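The values are calculated or read from the model by the stated rules, or taken from the named source; none is laboratory data. Predicted model only: the values in this text are computed from it and were never measured. Virtual Cβ from ideal backbone geometry, glycine too; neighbours counted across all protein chains shown.
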Ligand code: CP3
């Protein structure tokens, strides 16, 4: 397979960095917004024709080098019995974890079967040089969301309180999440994904020492099981900060870095054997074109010196970003002489 993304991960470097974006499937694309007029998000996810089409939209509309599966990290709590619903304001669970409710979590693996069919459909439809990225939520991020009983409950207050006051119970739940996530991620590999990203988007909601001690072993376990399947792994621990120093090749192939830190600082903290992905602040896409290009020029040196770099955002697209600005970024990356 002649994919610039997979070649870069395998250290067969090109004259430019590969590019894809977190949250590229859906959200900012007019072609997706058009579909949203007549279809609901969760219904599209459960329809293998639509889910595979939406997965591939950004290849055409933006020209990115990889597809990421159109799905969501919250399917794991759904399969753990929490009954996921997407309202106009966001996701919620009809049967959430409650502060005072003893946990009765039972994993029903068959609830995720439709996703494996979506993966197979994408593999059938896509061009051979475009790899499909599968994903799963990180154990802490998934745990925090599991307390969300209504779509306005966004600050994880109950979940964090539970984590601090019921440590042992919390870790038991996180272990169950991990086991389900491993089953789910390994089955994604068996269905055909060619790269895998673990989204630990709320890593920064506890101190990085605590994350490293208590949660990182679980994240590592998921990433290692995926790697055992021969699938390259990317870990996105958003807000991990100085914790990046604990990430090495035994954990993942690549670390995706958020926008709080410069690429150079992140590179210094990370183990040299781990590749780096990131970290454009998505809000730069609110700038005028000239100022966006100014930013891109400012990271050119990093891109010429670091061939193991994958261009991406430091967090997903915001919903109201103009897709033409994202297209401008992809075009710029492709036409620039990176002096490698
Ligand atoms: O990257 C991609 O485009 C692939 C698909 C993907 C979605 N969600 C589709 C989605 C991925 C990788 C995610 C990850 C995800 N989902 C995260 C971690 C990464 C991040 O960006 O923070 C989190 C925390 C979620 C949970 C979630 N899903 C929330 C809070 C919401 C509502 C608000 C929002 O972000 O839009 C969703 C809904 C969701 N997931 C949408 C999409 C395309 C929007 C639904 C719609 O179109 O109405």
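Worth a mention:
- Count of the range 32-50 residues, restricted to those that are more than 10 Å from the ligand (Cβ to nearest atom) and part of a helix (DSSP H, G or I), is 5.
- Selection status of residue 5, in contact with a strand residue (DSSP E or B) (Cβ under 8 Å, 6 or more places away or on another chain), in a helix (DSSP H, G or I) and buried (at least 17 other Cβ atoms within 10 Å of the Cβ): yes
- The single condition from (1) buried (at least 20 other Cβ atoms within 10 Å of the Cβ); (2) over 21 Å from residue 66 (Cβ atoms) that residue 234 fails is (2).
- The criterion of at least 2 residues that are in contact (Cβ under 8 Å) with a residue 60 or more places away in the chain and either surrounded by 19 or more Cβ atoms within 10 Å (Cβ to Cβ) or out of contact with any helix residue (DSSP H, G or I) (no Cβ under 7 Å at 6 or more places or on another chain) (or both) is met by the following strands (runs of 3 or more DSSP E) wholly inside the range 58-138: 90-93, 132-137.
- Checked against the criterion of being more than 30 Å from residue 191 (Cα to Cα) and surrounded by 19 or more Cβ atoms within 10 Å (Cβ to Cβ), the candidates 244, 296, 313 yield just one match: 244.
- Tabulated pairs, the range 32-52, first within 15 Å of residue 114 (Cα to Cα) and touching a residue at least 60 places away in the same chain (Cβ under 8 Å), second assigned to a loop (DSSP other than H, G, I, E, B) and more than 8 Å from the ligand (Cβ to nearest atom), C-beta under 9 angstrom, 6+ apart or interchain: 52/126
- Candidates 110, 179, 168, 175 - the one that is over 29 Å from residue 58 (Cβ atoms) and within 20 Å of the chain's Cα centre (by Cα): 179
- Selection within the range 21-31 - touching a helix residue (DSSP H, G or I) at 6+ places or on another chain (Cβ under 8 Å) and near the ligand (Cβ under 9 Å from one of its atoms): 21, 24, 25, 26
- Scanning the range 312-340 for residues that are touching a strand residue (DSSP E or B) at 6+ places or on another chain (Cβ under 7 Å), over 22 Å from residue 73 (Cα atoms) and within 16 Å of the ligand (Cβ to nearest atom) yields a single hit, 330.
- Total residues in the range 204-221, condition away from the ligand (no atom under 15 Å from the Cβ), touching a residue at least 60 places away in the same chain (Cβ under 8 Å) and part of a helix (DSSP H, G or I): 3
- Of all the residues in the range 158-203, those that are under 21 Å from residue 113 (Cβ atoms) and part of a helix (DSSP H, G or I) number 16.
- When residues of the range 63-92 are limited to those that are at pLDDT 95 or above and over 21 Å from the mean Cα position of the chain (by Cα), the one farthest from the ligand (Cβ to nearest atom): 81
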